[in-house]
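Asker: What follows is a single structure, and I will ask about it in a moment.
The values are calculated or read from the model by the stated rules, or taken from the named source; none is laboratory data. Bear in mind that the values here come from a model prediction, so they are computed numbers and not experimental data. All Cβ positions, glycine included, derive from the backbone under ideal geometry; neighbour counts span all protein chains shown.
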Amino acid sequence: MRTGLWLWVAGAVLAAAWPARAEDVFAVNQQLGRGVNIIGYDPIWKSFDQAHFQAKHFAALHEAGFQNVRINIHPFRYMQADKQWALPESWWKTLDWAVHEASAQKLMVILDFHEFQKMGEDAAGHKAQFLAFWKQLSAHCAHAPDNVLFEILNEPNKKMTPALWNSYLAEALSIIREQNPTRPVIVGPAFWNSVDHLNELVLPENDRHLIVTVHYYIPMSFTHQGASWAGQQDKHDIAWPAAEKDRATLNANFDKVAAWAKAHQRPIYLGEFGAYDKAPMDSRIRYTDAVARAAEARGWSWGYWQFDGDFILWDMKRDAFVEPILHALIPPGTKK
């Protein structure tokens with residue numbers, strides 16, 4: 001595995017005075033602020049020459065007022081048992097480039113382990129690979145600047161039951177803490193980071209460098225209408241809010257999370273939310289704005305799903321923001 005990861009980072013980035021230190025996880029969460037999920041399904045991971053996402057997009061995000069990027073990582077396809085699960089040089093090069101370019105734009109960076117499908121299908125069968133990944137990444141980023149955070153696993157689900165997830169996250173966190181004792185780590189509940197399953201999440205009480213994440217796509221019939229992978233392919237032309245109770249449901253769900261966070265003294269990062277492109281645009285705007293403002297009103301940071309591909313914030317064909325969604329996320333005049 002490569003050593004000296006951060007030696008290539010420009011001196012200005014290394015010297016950047018990130019206002020919040022890792023020791024104050026609530027301040028770190030405030031610094032995360034408003035963000036976007038990026039490059040999880042970009043061809044960049046196969047070949048840098050095929051990349052859709054470019055350095056200029058980090059600059060565009062910063063200029064628009066975003067403060068964090070959640071980099072969705074799928075490393076399993078590049079890890080082989082007969083090579084002790086070691087990730088290849090080309091994979092690290094892509095990751096290093098993304099972290100460097102984001103840092104150069106003063107963006108907070110979340111390295112999100114996004115292998116939720118394989119872990120959900122066969123948690124036990126992928127455990128060794130999962131832990132090997134965290135051993136490599138935690139060593140690789142041991143001296144990374146304070147703007148780099150880890151997220152142990154996106155949306156634990158199916159065979160990754162709440163009990164099993166509590167066990168796996170504890171093992172992964174133990175590995176991470178060997179070389180990153182105070183780096184903020186993001187972790188959420190099982191059942192797809194559901195707001196309804198926070199009470200089943202067990203965190204080590206003595207580790208106060210954790211940020212808890214939830215995802216929000218309620219109601220799925222609206223947010224995923226037309227999406228075959230979510231079983232909503234027959235849904236279309238569904239508006240939001242369909243009734244005033246829809247806003248009440250949003251606030252009730254977020255109040256429930258806020259109450260849990262207060263009781264457990266943990267900051268909250270809303271790691272994913274949004275509405276699929278096939279939903280009516282006026283409803284997408286209302287929903288996106290409502291969820292973002294509800295999170296901010298409770299002091300949470302957030303990351304919109306996602307930059308391009310679907311649910312899009314950026315139209316790659318036009319090479320420009322989808323302005324109605326941008327303005328729903330960051331209303332004009334509210335750039336921080």
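Asker: Go through the stretch 289-336 and give me each residue that's closer than 23 Å to Asp42 by Cβ, among the acidic types (Asp, Glu) and surrounded by fewer than 18 Cβ atoms within 10 Å (Cβ to Cβ).
Answerer: Hits for the stretch 289-336 are Asp310, Asp315, Asp319, Glu323.
Asker: Could you tell me whether the stretch 243-254 includes any residue that is of a type in the set (A, V, I, L, M), assigned to a helix (DSSP H, G or I), within 20 Å of the chain's Cα centre (by Cα) and at pLDDT 95 or above? Outline the logic, then answer.
Answerer: If we filter the stretch 243-254 for residues that are of a type in the set (A, V, I, L, M), which is where we start, we get 243, 248, 250, 252.
Still in the running and assigned to a helix (DSSP H, G or I): 248, 250, 252.
Applying the additional criterion that residues be within 20 Å of the chain's Cα centre (by Cα) yields none.
No, the stretch 243-254 has no match at all.
Asker: Could you run through the stretch 106-130 and say how many residues are surrounded by fewer than 19 Cβ atoms within 10 Å (Cβ to Cβ) and under 21 Å from Gly35 (Cβ atoms)?
Answerer: Total satisfying the criteria: 1.
Asker: Looking only at residues in the stretch 222-242 that are in a loop (DSSP other than H, G, I, E, B) and in contact with a helix residue (DSSP H, G or I) (Cβ under 7 Å, 6 or more places away or on another chain), which one is nearest to Asp196 (Cα to Cα)?
Answerer: Per the stated criteria, the residue is His224.
Asker: So Leu203 clears everything in (1) in contact with a helix residue (DSSP H, G or I) (Cβ under 8 Å, 6 or more places away or on another chain); (2) within 22 Å of Asp289 (Cβ to Cβ) except one condition, right? Which one?
Answerer: The number of the failed condition is (2).
Asker: Residues in the stretch 182-192: is at least one touching a residue at least 12 places away in the same chain (Cβ under 8 Å) and more than 30 Å from Ala86 (Cα to Cα)? Show your work before the answer.
Answerer: The first filter runs over the stretch 182-192 and keeps only residues touching a residue at least 12 places away in the same chain (Cβ under 8 Å), leaving 182-192.
Of the ones still in play, those that are also more than 30 Å from Ala86 (Cα to Cα) are none.
No, the conditions are met nowhere in the stretch 182-192.
Asker: Taking Gly333 as the residue in question, decide whether it is farther than 11 Å from Gly274 by Cβ and either in contact (Cβ under 8 Å) with a residue 24 or more places away in the chain or among the polar types (S, T, N, Q) (or both).
Answerer: When the stated conditions are applied, Gly333 does not pass them.
Asker: Among (1) in contact (Cβ under 8 Å) with a residue 60 or more places away in the chain; (2) closer than 20 Å to Ala144 by Cα, where does Ile71 come up short?
Answerer: Exception for Ile71: condition (1).
Asker: Do you know which residues across the stretch 292-336 are over 17 Å from the mean Cα position of the chain (by Cα), small (Gly, Ala, Ser) and either over 20 Å from Phe254 (Cα atoms) or part of a strand (DSSP E or B) (or both)?
Answerer: Ala320, Gly333
Asker: A follow-up question, please. Does the stretch 48-62 hold any residues that are part of a helix (DSSP H, G or I) and either surrounded by fewer than 20 Cβ atoms within 10 Å (Cβ to Cβ) or acidic (Asp, Glu) (or both), and which are they?
Answerer: Phe48, Asp49, Gln50, Ala55, Lys56, Ala59, Ala60, His62
Asker: Looking at Pro267, Pro241, which is the one that is buried (at least 16 other Cβ atoms within 10 Å of the Cβ) and under 23 Å from Pro189 (Cβ atoms)?
Answerer: The match here is Pro267.
Asker: If Ser167 passes every condition in (1) assigned to a loop (DSSP other than H, G, I, E, B); (2) farther than 30 Å from Arg286 by Cβ; (3) out of contact with any Leu (no Cβ under 9 Å at 6 or more places or on another chain) but one, which one does it miss?
Answerer: In the conditions (1) assigned to a loop (DSSP other than H, G, I, E, B); (2) farther than 30 Å from Arg286 by Cβ; (3) out of contact with any Leu (no Cβ under 9 Å at 6 or more places or on another chain), Ser167 misses (1) alone.
Asker: Name the residue that is surrounded by the most Cβ atoms within 10 Å (Cβ to Cβ), counting only residues in the stretch 158-181 that are β-branched (Val, Ile, Thr) and in contact (Cβ under 8 Å) with a residue 40 or more places away in the chain. Reasoning before the result, please.
Answerer: To start, the set of residues in the stretch 158-181 that are β-branched (Val, Ile, Thr) comprises 161, 175-176.
Retained after the next criterion (residues that are in contact (Cβ under 8 Å) with a residue 40 or more places away in the chain): 175-176.
Working: Ile175: 19, Ile176: 23.
Here the residue is Ile176.
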